[in-house]
Amino acid sequence: MSTTPATLENFWMPFTPNRAFKAKPKLLVSAKDMHYTDSDGRQILDATSGLWCVNAGHGRAKITEAIQKQAAVMDFAPTFNMAHPLAFEFAHKLAGILPGDLKKVFYTNSGSESADTALKIALAYQRNRGHASKTRLIGRERAYHGVGFGGISVGGIVRNRMYFGSLLTGVDHLPHTHDPKLNAFSKGIPEHGADLADNLERLVALHDASTIAAVIVEPVAGSTGVLVPPKGYLQRLRALCDKHDILLIFDEVITGFGRLGAAFGADYFGVTPDIICMAKGITNAAVPMGAVAVSNRIYDTFMQTADVPIELFHGYTYSGHPLACAAGIATLEVYEEEALFKRANEIAPYWQEAMHSLRDAPHVIDIRNLGLIGGIELESRPGATTARALEVFDRCFDKGLLIRVTGDIIAMSPPLILEKAHIDQMVETIRAALKETT
Ligand SMILES: Cc1ncc(COP(=O)(O)O)c(C=O)c1O
């Protein structure tokens, strides 16, 4: 059977230069553990866990079997007014690894839906507890919270915002935390910049805390090129949110499920937010799913104050889809049985040194890392931002390595099952690709 489609015409590809892709397609046809196989039968080492999501590696038998079994028993059941046992079982299992008292789980189907759901819960919570004037949402420059209108409104990526009208009203942004002058080539958490969190005081002075519902941040910003928060920054943000009675939302769509060598970024940094957004690694990407965890306090407020039987007017047809719940339960079992979060933590120092060994490679102007995340920033070609990184991406793919590039930054997030030899191969391939790139 041919693995090449008869036509590439009809699929409008997301976040892709469609014209360039269709001129030189890259087609992946199967995947196992650390590797994809492409349509030419070549093995491609996956340095990106697909898209930051296949944390346990590809084609995990336990997860596949759980999905197959559930599909044969019951394909779908609604979770509006009724439900199925797996939805509760999975939420209970998730509660077992969620930090603090974030023990109530609302299901979505993606990271974007999780971000929008978290923002809506924050607004409704403030209203239900009698603080209806708290409607303002605070995001951050260079943030990515998916592509829903809520997510792009609090997000900070200009192209994701500028084409799409006036977005949500009543949104403001903190400055991003990236400071290459002070922190270039930091290993792990950068030293300088905790005081950037104090910009929340500035926004409170401008708008007044009585108008602010929530602050949303990614513990580590991934999509805009691996921006690791400075030492003490998240702690300071937490303290300021407490001081001003503002909810803190962590978007853990990429930092969740072991990426930093702990269950969540919240655990890694020792900072517990009020709401956590999840997706991606929640099912090892085998079935699309997202979720939002909220504190018992938030959930209880809804239960105690609702003036109509339905406490939250929100939900998706596929919230808690049986196949996703089956995949999720099996995924958490794989993480646990193989102690993959611990494993990520153990291999992270080797990963760090390997990433930073590229410091002397051509075009490299910064390297950033945390857990099993790596970012390598290249100097942009004058007048041609992203061109150099895209060429490196193509060269790496031709050499059998899948990386991800965003702007002129190479971003990597390999499956947590990787071995040192895989890391060596990634570094050698990137070095060779950088050497061949002008
Ligand atoms: C922090 C963060 N939030 C939200 C999303 C959006 O997730 P999805 O593409 O599943 O909608 C992403 C995707 O990369 C992300 O990194």
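The numbers here are math on the coordinates, done by the rules we state, and not lab data. In this text the structure is predicted, and so the values were computed from the model without any measurement. Note that each Cβ is placed from the backbone with ideal geometry, even for glycine, and that neighbours are counted across all protein chains shown.
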| field | Percent antiparallel among DSSP beta bridges (both partners in the chain, rounded to 5) | value | 65
| note | Sorting Pro85, Leu227, Ser295 by the position of each Cα along the dipole of the chain (Lys, Arg +1; Asp, Glu -1; all at Cβ), the one nearest the positive end of that ordering is Leu227
| note | Given unit charges at Cβ for Lys, Arg (+) and Asp, Glu (-), the dipole magnitude of the range 349-404 about its Cα centre in debye, nearest 20, is 100
| Taking the mean number of other Cβ atoms within 10 Å as a proxy for protection, how do you rank 313-321, 113-121 from highest to lowest? | 113-121, 313-321
| Rough spin-label spacing in nm, given labels placed 7 Å along Cα→Cβ, for Glu9 and Thr317 | 2.9
| query | Looking at the square roots a ≥ b ≥ c of the eigenvalues of the Cα gyration tensor of the range 18-157, which shape do they give, rounded for a/c under 1.5, prolate if a/b is larger than b/c, or oblate? | reply | oblate
| request: Can you grab the distance from the C-alpha centre of the range 1-49 to the C-alpha centre of the range 187-234, Å, no decimals? | output: 37
| query | Cα centroids of the range 90-146 and the range 352-412: how far apart, whole angstrom? | reply | 32
| task | For an R0 of 30 angstrom, estimate the FRET efficiency from the Cβ-Cβ distance between Glu65 and Leu27 and round to the nearest 0.05. | result | 0.65
| message | For Thr16, Thr108, which order do you get if you count the other beta carbons within 10 Å of each Cβ and list the fewest first? | response | Thr16, Thr108
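What's the ranking of 136-145, 152-161 by average number of surrounding C-beta atoms within 10 Å, highest first?
Result, highest mean Cβ count within 10 Å first: 136-145, 152-161.
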| Given a cut-off of under 8 Å on Cα pairs at least six residues apart, what relative contact order in percent is computed for the range 1-149? | 11
| field | the chain - charge dipole about Cα centre, Lys and Arg +1 at Cβ, Asp and Glu -1, debye rounded to 20 | value | 500
| message | Set the bar at 26 Å for Cα to Cα. Now go through Lys104/Lys231; Lys231/Lys342; Lys26/Lys280; Lys104/Lys187 and name every pair that lies beyond it. | response | Lys104/Lys231; Lys104/Lys187
| query | Add -39500 (n - 2.57) for each DSSP H run of 4 or more in the chain, then divide by its residues: what number comes out at 222 nm, to the nearest 500 deg cm²/dmol? | reply | -11500 deg cm²/dmol
| remark: In nanometres, the difference between 0.36 nm per residue of separation and the alpha-carbon distance of Ala205 and Glu419 is 72.1 nm
| What are the lysines whose alpha-carbon lies under 17 Å from the alpha-carbon of Lys435, with same-chain residues fewer than 8 places away excluded? | Lys399
| message | Students often check this: by mean Cβ neighbours within 10 Å, which of 86-94, 336-344 ranks highest, and how do the rest follow? | response | 86-94, 336-344
| request: For the range 295-418, build the charge dipole from Cβ charges (+1 Lys, Arg; -1 Asp, Glu) around the Cα centre, then report which of Thr386, Ala339, Tyr350 sits farthest towards its positive end. | output: Thr386
| remark: In terms of the alpha carbon gyration tensor, root eigenvalues a ≥ b ≥ c, rounded if a/c is under 1.5 and otherwise prolate when a/b exceeds b/c or oblate, the chain is oblate
| task | List the relative contact order of the chain as a percent without decimals, with contacts defined as Cα pairs under 8 Å and 6+ residues apart. | result | 22
| Sequence-distant or interchain residues sharing an amide H contact under 5 Å with Glu218, placed H: which? | Asp251
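What is the gain in length, in nm to one decimal, between His192 and Thr16 on full extension, counting 0.36 nm per residue of separation less the C-alpha to C-alpha distance?
59.9 nm
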